[in-house]
Amino acid sequence: MDPKYQRVELNDGHFMPVLGFGSYAPPEVPRNRVVEVTKLAIEAGFRHIDSAYLYNNEEQIGLAIRSKIAEGSVKREDIFYTSKLWCTFFRPQLVQPALESSLKKLQLDYVDLYIIHFPMALKPGETLLPTDENGKVIFDTVDLCAIWEVECHPYLNQSKLLDFCKSKDIVLVAHSALGTQRHKLWVDQNSPALLEDPVLCALAKKHKRSPALIALRYQLQRGVVVLAKSYNEQRIRENVQVFEFQLTSEDMKVLDGLNRNFRYVVMDFLVDHPDYPFSDEY
């Protein structure tokens, strides 16, 4: 198997590609550009596509996937597609209609993974899934796996959370792995630019790779599934080169040392919520 199609086994027996294409783009990006770059990502070798209701791009993502299937480049089973349930649909009776809405936009028969987007409103033990009178879950359109998607990069390496996840057979998926797109809606414009970090840049020079590739490779060697977000054709093609080199154990220690518990996406408009998640130790 081509190394760029490397996968990790989930605890339900399914497999997830370890490198994913992050599809979020600011509202000013034209919708037809979403179709173009998703096609490019699939052509480059991405087989894991990450989206969400909130991204407002599932219609375009679905069009791109179906287009590549129709031309014979991939089969549906080759693509691992993730969607996310937004917090306005957390009531159990709204979950399946929300998923069906995404499927209608995608014009696909199923999603491979459906995760909760910012699950801070849930109480311990609370379920989102509709059940019948016997308490059996009525939900057969998607497989349920133990997966957590969190912000994770050299400035926020989530080492304690990663250790916990590994101990519980939970797959950790890193978003904002390259330091985010720095959109003013989500990110403080004065925050440090991860890919300009001198240590990261020195390792990039050492390996004759880009700082982005060093940041992505760091996650893969830690056992983290990583999402690479870009709407630039050259960078999309470059990002799949992450399987073409290895960081040394000393490199990994140096990158571990960059951790400063710095979070780009702080969701500060929710900071007064009693379940605000980023106050926790993790």
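The values are calculated or read from the model by the stated rules, or taken from the named source; none is laboratory data. Computed from a prediction, not measured in an experiment: that's the story for all the values here. Positions of Cβ are backbone-derived with ideal geometry, glycine not excepted, and every protein chain shown enters the neighbour counts. Accessible surface is based on the protein model in full, side chains and every heavy atom, while ligands, DNA and RNA are left aside. Shrake-Rupley method; radii C 1.70, N 1.55, O 1.52, S 1.80 Å.
Taking a Cβ cut-off of under 12 Å around Arg33, the surrounding Lys, Arg, Asp and Glu residues balance to a net charge of -1, with basic ones at +1 and acidic ones at -1. Distance from the Cα centre of region 175-252 to that of region 76-117, in angstrom? The two parts, judged by their Cα centres, are 28 Å apart. Which net charge results when you count Lys and Arg as +1 and Asp and Glu as -1 among the other residues whose beta-carbon is under 9 Å from that of Lys105? Within the 9 Å Cβ shell, the charges total -1.
Need one word for region 1-111: rounded, prolate or oblate. Basis is the Cα gyration tensor (sqrt eigenvalues a ≥ b ≥ c); a/c below 1.5 gives rounded, then a/b vs b/c decides.
Working: a/c = 1.74, a/b = 1.21, b/c = 1.44.
In terms of gyration-tensor shape, oblate.
Given +1 at the Cβ of Lys and Arg, -1 at the Cβ of Asp and Glu and no other charges, the dipole of region 1-124 around its Cα centre is 240 debye to the nearest 20.
Calculated FRET efficiency, Phe278 to Lys104, Cβ-Cβ distance, R0 = 22 Å: about 0.10 to the nearest 0.05. For region 12-125, with all protein chains in place and a probe radius of 1.4 Å, 55% of the accessible heavy-atom surface sits on carbon or sulfur. Between Glu43 and Val266, the distance separating the two model label sites (each 7 Å from Cα on the Cα→Cβ line) works out to 4.1 nm.
The distance between label points at Phe15 and Ser249 comes to 2.9 nm (points 7 Å beyond Cα on the Cα→Cβ vector). Accessible area ranking (1.4 Å probe, heavy atoms, ligands and nucleic acids excluded), largest first, for Trp86, Trp148: Trp148, Trp86.
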